[in-house]
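Shown next, in structure tokens, is the structure this report addresses.
The values are calculated or read from the model by the stated rules, or taken from the named source; none is laboratory data. Predicted model, so just to flag it, every value in this text is computed and none were measured. All Cβ positions, glycine included, derive from the backbone under ideal geometry; neighbour counts span all protein chains shown. Ligands, DNA and RNA are excluded from the accessible area calculation, which covers all protein heavy atoms including side chains. Shrake-Rupley method; radii C 1.70, N 1.55, O 1.52, S 1.80 Å.
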Number of protein chains: 2
Amino acid sequence: MLNQDSIVFLKQILNFWPHLTPDEQDFLLDTAQELQFSKHQIIHNGENHCAGVILIKKGTLRTSLLSEEGREITLFRLYEKDVCILSASCLLSNITFDVQVCAETDCDVVLIPSSVFSKLAQHNIYAENFSYKVATERFSDVMWAMQQILFMSFDKRLAIFLADEAARTETTSLRLTHEQIARYTGSAREVVSRMLKYFAEEGIVSLSRGEIKIIDKEKLRSLI
Amino acid sequence: MLNQDSIVFLKQILNFWPHLTPDEQDFLLDTAQELQFSKHQIIHNGENHCAGVILIKKGTLRTSLLSEEGREITLFRLYEKDVCILSASCLLSNITFDVQVCAETDCDVVLIPSSVFSKLAQHNIYAENFSYKVATERFSDVMWAMQQILFMSFDKRLAIFLADEAARTETTSLRLTHEQIARYTGSAREVVSRMLKYFAEEGIVSLSRGEIKIIDKEKLRSLI
């Protein structure tokens, strides 16, 4: 059973709530679960079961695409009040690809199991429409990522990444390895190291073991 | 007014038809248009108006992503009985990117103007759901394209492109410039030329001015 806080949260996020019958509402509240994910936990991947629709109460989820050789491209991140629908991709008849969803931070979520959401969507067009609408929103996110990856020169991408990361973590000292940055920006470690060296030479950042310090914000922004 | 053939076609493709009121059905039939597009005609792009939902009776539409510098990546093609929804992207509140749609062949289509579809979708959840469901299908197409582009080595991509092209045009002599292939495969002309030269050296294709002849289908397939 959900606590009162989670019930309020669920009704707020699932905007089709008023279109559910009382029975459907009870069914949803009886079967939804409060869960915690710990940082770096893998929540969904191709081989895994189709867990369900995840409503994020607190924390960040990261969705990425994995190649057969293990290369990883970040597609988008989801934050508080966002809905993760690709972890319930088996519900969406048109979704034929698979992605990995992992917890980027510790997370508090409400999970609606796939079997539950599937039943609702089959009988209630508003619930079905909610899932396709959220999926279409993610489509936009992915197209954005794709444009970044395909068309932007890497200095610009790296500058955007560092600026975003600094804003998100509210610090100018980023504790990230080059390997991690490569993973996040869809690049290779060597490329990241080379570009960071260039940024350092330009006086934009200073580099020390395991840390990248932004020392000229203006110059960084000018690249974006 | 649509001819009888197009009316039957429209009812078949728009599977929410039975959920429309008689007034909505009349409104749709009164405002839908038969159109012809000629080969290479640009039907939709970022700056253009949001034409509407296009139902393809005959022909092929190609959807691509354009960079600011004019680089072009093919995302997917749509064929007979497919629905082009991104040409009505203004209807989908969550679609915030823009793409180009162009006619790859001469096309016969039925167009439902955006203003018409918008009215239907606002009042009829089944119509709205149809548009998001089709958009989600395109999401799958784009993810497929993205995986091709990001993760596949280029020899594989080029082999797939040539085999597809040969199958589609039912010939082994492809009249395509290296520039065109680069555009279609999201690569650069130099890269295409280099790889084609390699394919020629391997006895997979033979090259002459403006023509690529596939001479060893089996070897081409072995790359895929």
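Exactly one condition in (1) closer than 21 Å to A:Asn94 by Cβ; (2) part of a helix (DSSP H, G or I); (3) more than 14 Å from chain A (Cβ to nearest Cβ) is not met by B:Ile112; state its number. So the condition that B:Ile112 fails would be (2). Can you name every residue in the stretch B:80-103 that is within 14 Å of A:Glu137 (Cα to Cα) and in a loop (DSSP other than H, G, I, E, B)? B:Leu92, B:Ser93, B:Asn94, B:Ile95, B:Thr96, B:Phe97, B:Asp98, listed by residue number.
Could you please let me know if B:Lys156 is closer than 30 Å to A:Asp141 by Cβ, open to solvent by 50 Å² or more (accessible area, probe 1.4 Å), out of contact with any strand residue (DSSP E or B) (no Cβ under 6 Å at 6 or more places or on another chain) and not assigned by TED's automatic domain parsing to the domain that holds B:Asp30?
On the way: closer than 30 Å to A:Asp141 by Cβ: yes; open to solvent by 50 Å² or more (accessible area, probe 1.4 Å): yes; out of contact with any strand residue (DSSP E or B) (no Cβ under 6 Å at 6 or more places or on another chain): yes; not assigned by TED's automatic domain parsing to the domain that holds B:Asp30: yes.
For B:Lys156, the condition - closer than 30 Å to A:Asp141 by Cβ, open to solvent by 50 Å² or more (accessible area, probe 1.4 Å), out of contact with any strand residue (DSSP E or B) (no Cβ under 6 Å at 6 or more places or on another chain) and not assigned by TED's automatic domain parsing to the domain that holds B:Asp30 - is met.
Scanning the stretch A:78-99 for residues that are more than 13 Å from chain B (Cβ to nearest Cβ) and buried (at least 17 other Cβ atoms within 10 Å of the Cβ) yields A:Leu78, A:Cys84, A:Ser87. State whether one or more residues within the stretch B:161-171 are among the basic types (Lys, Arg) and more than 25 Å from B:Cys50 (Cα to Cα). Yes.
So that you can scan it fast, the table gives a plain yes or no per residue for (1) within 14 Å of another protein chain (Cβ to nearest Cβ); (2) open to solvent by less than 60 Å² (accessible area, probe 1.4 Å); (3) in contact with a strand residue (DSSP E or B) (Cβ under 7 Å, 6 or more places away or on another chain):
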position: B:Gln12; (1), (2), (3): no, no, no
position: B:Trp17; (1), (2), (3): no, yes, no
position: B:Glu34; (1), (2), (3): no, no, yes
position: B:Gly59; (1), (2), (3): no, yes, yes
position: B:Thr63; (1), (2), (3): yes, yes, yes
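Inspection of the stretch A:158-169 identifies no residue that is of a type in the set (Val, Ile, Thr) and more than 27 Å from A:Leu86 (Cβ to Cβ).
Kindly establish whether B:Ser115 is under 23 Å from B:Ile7 (Cα atoms) and open to solvent by 10 Å² or more (accessible area, probe 1.4 Å).
On the way: under 23 Å from B:Ile7 (Cα atoms): yes; open to solvent by 10 Å² or more (accessible area, probe 1.4 Å): yes.
Yes: the conditions hold for B:Ser115.
For the stretch B:170-224, residues that are under 22 Å from B:Glu104 (Cβ atoms) and in contact with a His (Cβ under 6 Å, 6 or more places away or on another chain) total 2. Restricting to the stretch B:44-57, name every residue that is surrounded by 14 or more Cβ atoms within 10 Å (Cβ to Cβ), within 18 Å of B:Cys90 (Cβ to Cβ) and out of contact with any helix residue (DSSP H, G or I) (no Cβ under 6 Å at 6 or more places or on another chain). Across the stretch B:44-57, the qualifying residue is only B:Asn45.
Applying the criterion of at least 2 residues that are away from every other protein chain (no Cβ under 14 Å) and within 17 Å of the chain's Cα centre (by Cα) to the helices (runs of 4 or more DSSP H) found wholly in the stretch A:118-224 leaves A:154-169, A:178-185.
Per the conditions (1) surrounded by fewer than 16 Cβ atoms within 10 Å (Cβ to Cβ); (2) touching a residue at least 40 places away in the same chain (Cβ under 8 Å), the sole criterion not satisfied by B:Glu170 is (2).
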